[in-house]
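One structure is given here, and the rest of the page talks about it.
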Amino acid sequence: MSEPILAPEEVEALMATVAPSEHADALFAALPPIQQPERVDAFHFDAADEDKPARYPMFVNLQERMVEMLDEQWDELFKRDITIQVERMDTSLYKDIIAVDEPQVYFVFEVDSYGRILLTFDTAIIVAFVDAMLGGDGESTDNPETLSPVELRLSERIAEKMANMLSELWAPVHALAFKAYKLDYDPQFLAVTGAMEKCFSVYFEAKLSDSLTGKLGIHYPRPFLDPMLEMLRVELSDDTPDNDEEWTGELLRSIAGTPAEVRFELGRCQMDIGTFLTLKPGDALPLKTRASDPCSLWIEDTPLFQAMPGEKEGMLAAEITQPVEPGGAS
């Protein structure tokens, strides 16, 4: 044990020569000099502790899957290769999401017991979508501020497809039935969440053509995600176990409980918008299907069976005849 710097009697003599308020200063003055660092940086709290989407691996994985789903569906709609990528993921205040200068179309989706989420589209993208849906090239040559009545009406079909896509996207995590709640280009009365509520925001960039690139945003309020945050924290690994029975069983149960839209399509026809807008009760649509031809039974956007229309217990029915060959229906 080392000897003290000052003997007790030396400390007592030193204290007797100073006022009580100076005792502490006198003690420190008796200590040897403390070596000071050459440089001391200002201290800042680590921003990495902020709760952001990047801290939730499963959430990040869902957005990567969303890119694949959008790319697949949009390639089919526009009949060309569309480039989709995640531009960024961040935490945003809801008031900042809706306070933008660029013309936007807002889609609100609702899930019972969970709340609402918001999708934002550049208006030019929606105009291009409608053009592609009507058989055009899928372009928007101007910078539209709002949608025409026809574009607004057809945008409801876009909302339905996005709702189905979101339900399919979240199915492996949690069975969520997304429903289109509202569509508007004025964000003031959307009633998605509180102005100061934080949202997990994902911004996608879509290149529809050489002359048209736009953005899509998906915004999840934190209260919407709260029941699933623990699951979204799951780390993903490239080394998938060969026999993870618990995970496989949970996935199958989630898929089994996922609602799917089934439709029986008797036939199709094509007409111009002018004719469509003048349709009235009593008009007949000429279909190309003969009365004896089998029709297609679809699950979502996939034809699975051929079937014949009929009647059962006083209700219209479809009798399945055979599976559809791959590429056999369009």
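The values are calculated or read from the model by the stated rules, or taken from the named source; none is laboratory data. These numbers were taken from a predicted model, which means no experiment stands behind them. Cβ atoms come from the backbone with ideal geometry, glycine included; neighbour counts cover every protein chain shown.
Which of the residues spanning region 195-214 are more than 19 Å from the chain's Cα centre (by Cα), more than 25 Å from S148 (Cβ to Cβ) and of a type in the set (G, A, S)?
Result: A195, single match.
Of all the residues that make up region 288-321, how many are under 12 Å from E265 (Cβ atoms) and among the small types (G, A, S)?
Number satisfying all stated conditions: 3.
Going by the structure shown, is G138 in contact with a Leu (Cβ under 7 Å, 6 or more places away or on another chain) and on the phi > 0 side of the Ramachandran plot?
Against the criterion (in contact with a Leu (Cβ under 7 Å, 6 or more places away or on another chain) and on the phi > 0 side of the Ramachandran plot), G138 qualifies.
Matching residues to (1) assigned to a loop (DSSP other than H, G, I, E, B); (2) surrounded by 15 or more Cβ atoms within 10 Å (Cβ to Cβ); (3) charged (D, E, K, R):
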{"residue": "A163", "(1), (2), (3)": "no, yes, no"}
{"residue": "A175", "(1), (2), (3)": "yes, yes, no"}
{"residue": "Q188", "(1), (2), (3)": "no, no, no"}
{"residue": "G194", "(1), (2), (3)": "yes, no, no"}
{"residue": "C199", "(1), (2), (3)": "no, yes, no"}
{"residue": "G214", "(1), (2), (3)": "no, yes, no"}
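Scan region 283-290 and give yes if some residue there is of a type in the set (S, T, Y) and over 23 Å from A132 (Cα atoms), otherwise no.
The answer is yes; a qualifying residue exists.
Quick one: is R55 over 18 Å from I126 (Cα atoms) and exposed (fewer than 14 other Cβ atoms within 10 Å of the Cβ)?
The answer is no for R55.
When you look at V150, is it in a helix (DSSP H, G or I) and modelled with pLDDT under 90, yes or no?
Against the criterion (in a helix (DSSP H, G or I) and modelled with pLDDT under 90), V150 qualifies.
Across region 187-214, what is the total count of residues that are within 16 Å of V105 (Cβ to Cβ) and free of Cβ contacts under 8 Å to residues at least 60 places away in the same chain?
1
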